[in-house]
Amino acid sequence: GLTPSLADESLEVPNLRHPLPNVSTGGQPSLEDIGKLKSMGYSVVVNLRGEGEFDDFDEEKAVEGAGLKYINIPFQGMRGLTPENAKTLHDLIEGAGGKVLLHCTIGMRAGSLLGVEKYLFGNLTKKEALELATRAHMSNLEDYLLGALENITN
């Protein structure tokens with residue numbers, strides 16, 4: 001099944017959450033984590049970090065080497081919470097054929113973009129999108145996401 005398995009708990013991804021059966025969110029996965037993902041049913045890793053944010057290892061090479069699809073949607077801050085980025089994420093999730101790990105540094109952008117995606121394409125209200133994003137680790141970022149949603153709808 002696509003529900004998070006106990007095996008997921010062996011991942012050391014910071015702030016790992018499973019807000020949807022087929023989408024997990026969190027911070028930066030390690031090389032070791034990336035090596036485990038395929039056996040747990042993941043098929044796609046979406047990295048929201050931009051150039052120069054992370055250079056411990058070549059994530060694209062590691063993810064593809066582990067047999068998964070790697071996508072980078074780089075953005076910093078609220079201005080990345082756009083309908084375009086949400087649509088890119090939506091299409092990826094729809095076509096993933098397995099679970100998606102959506103990550104940034106600590107999970108903040110990941111939870112927020114997932115909220116925008118479900119607001120625009122999942123028929124969630126702003127309140128529901130906010131609840132989903134919070135489940136996905138948005139912690140104290142309500143204003144941040146609401147500001148982005150206001151920008152999208154105005």
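A few notes on this one:
- Scanning region 19-66 for residues that are surrounded by 21 or more Cβ atoms within 10 Å (Cβ to Cβ) and part of a helix (DSSP H, G or I) turns up Asp33, Ile34, Leu37, Val63.
- Once region 86-103 is narrowed to residues that are open to solvent by 10 Å² or more (accessible area, probe 1.4 Å) and in a helix (DSSP H, G or I), the residue that is farthest from Lys36 (Cα to Cα) is Lys87.
- Residues within region 67-80 that are over 14 Å from the mean Cα position of the chain (by Cα) and open to solvent by less than 20 Å² (accessible area, probe 1.4 Å), tallied: 1
- Boolean, Glu94 is out of contact with any helix residue (DSSP H, G or I) (no Cβ under 9 Å at 6 or more places or on another chain) and more than 19 Å from Leu145 (Cα to Cα): no
- If you filter region 49-85 down to residues that are of a type in the set (A, V, I, L, M) and modelled with pLDDT of 95 or more, you find that the one that is nearest to Glu150 (Cα to Cα) is Ile73.
- Pairs are defined by a Cβ separation below 7 Å, a sequence spacing of at least 6 or placement on different chains, a first member in region 121-145 that is within 20 Å of Leu101 (Cβ to Cβ) and in a helix (DSSP H, G or I), and a second member that is open to solvent by 60 Å² or more (accessible area, probe 1.4 Å) and modelled with pLDDT of 70 or more; the pairs so defined are Arg135/Arg17.
- For Ile106: the one exception among (1) more than 29 Å from Ser39 (Cβ to Cβ); (2) open to solvent by 60 Å² or more (accessible area, probe 1.4 Å); (3) modelled with pLDDT under 90: (1)
- Pro83 meets the stated requirement of being closer than 19 Å to Phe121 by Cα, more than 14 Å from the chain's Cα centre (by Cα) and surrounded by 13 or more Cβ atoms within 10 Å (Cβ to Cβ).
The values are calculated or read from the model by the stated rules, or taken from the named source; none is laboratory data. Predicted, not measured: the structure shown is a model, and the values here were computed from it. Neighbour counts are summed over all protein chains in view; Cβ atoms, including those assigned to glycine, are modelled from backbone coordinates with ideal geometry. To get the accessible areas, we keep the full protein, side chains included, count just its heavy atoms, and leave off ligands, DNA and RNA. Shrake-Rupley method; radii C 1.70, N 1.55, O 1.52, S 1.80 Å.
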